[in-house]
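All remarks here apply to the structure that follows.
The values are calculated or read from the model by the stated rules, or taken from the named source; none is laboratory data. Keep in mind that what you see is a predicted model, and the values were worked out from it rather than measured. For the accessible areas, the whole protein counts, side chains as well, though only heavy atoms, and no ligand, DNA or RNA atoms are used. Shrake-Rupley method; radii C 1.70, N 1.55, O 1.52, S 1.80 Å.
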Amino acid sequence: MDIALRPVHDSDLPVFFRQFNDPESLRMAAFTPDDPADRDRFDAKWAHIRSSPEIVARTVLVDGDVVGSVSVYGEAGEREVTYWIDRAYWGRGIATAALRALLTEVTERPLYARAAADNAGSLRVLRTCGFEVTGKGRGYAAGRGEETDELVLSLEG
């Protein structure tokens, strides 16, 4: 399995939109937009992501196929990582490999991440990449339609 990152292309966006509207993925991610099916809002968000010099966004490829995205965003000292992998590819180490590749490209530290406290897969990815739990919170998770516990993780030096 060849896992690679590249800049986001226009042709990736319909794939991301489909992936982002998988009900099981939305539930697992928990903290998602109120209406992930709003294509105009999705397109506006990705237009901002792709035009912002502060955001590093990459498409995740497996054997040349688009399987998700990985990004770093936010202001210096508060930058966060985020990733989304198509559910059909969960459990294969792809998110871990993609995040590791992004962390090689983006060398500034600290970096932060957030995950629903019960999202064992995402927490495993983050911990494997060196992130440690540094805080917790609780908030409304649109992907679940309810209050959900969240963990904050950080990657130092």
Taking N as the number of residues in the range 67-116, the ratio of its alpha carbon radius of gyration to 2.2 N^0.38 Å works out to 1.17
accessible surface per residue for the range 61-147, probe 1.4 Å, DNA/RNA/ligands not counted, whole Å² -> 51 Å²
Between the alpha carbon centres of the range 52-67 and the range 97-135 the gap in Å comes to 16 Å
Once M1, M28 are ranked on solvent-accessible area with the largest value leading and a 1.4 Å probe, the list reads M1, M28
Listed residues A44, A142, A116; largest mean-square fluctuation, Gaussian network over the chain with Cα springs below 10 Å, found at A44
By accessible area (1.4 Å), largest first, D12, D2, D22 order as D2, D22, D12
The percentage of Cα-Cα pairs in the range 25-157 separated by more than 20 Å is 47 percent
Projected onto their principal axes, the Cα atoms of the range 1-92 stretch, largest extent first, over whole-Å spans of 33, 30, 25
Highest GNM mean-square fluctuation among A97, A120, A141, for the chain with Cα springs under 10 Å, belongs to A120
With every protein chain kept in place and a 1.4 Å probe, the residues H48, H9 fall, from largest accessible area down, as H48, H9
Rg from C-alpha atoms of the range 92-139, normalised by the globular rule of thumb 2.2 N^0.38 Å, equals 1.18
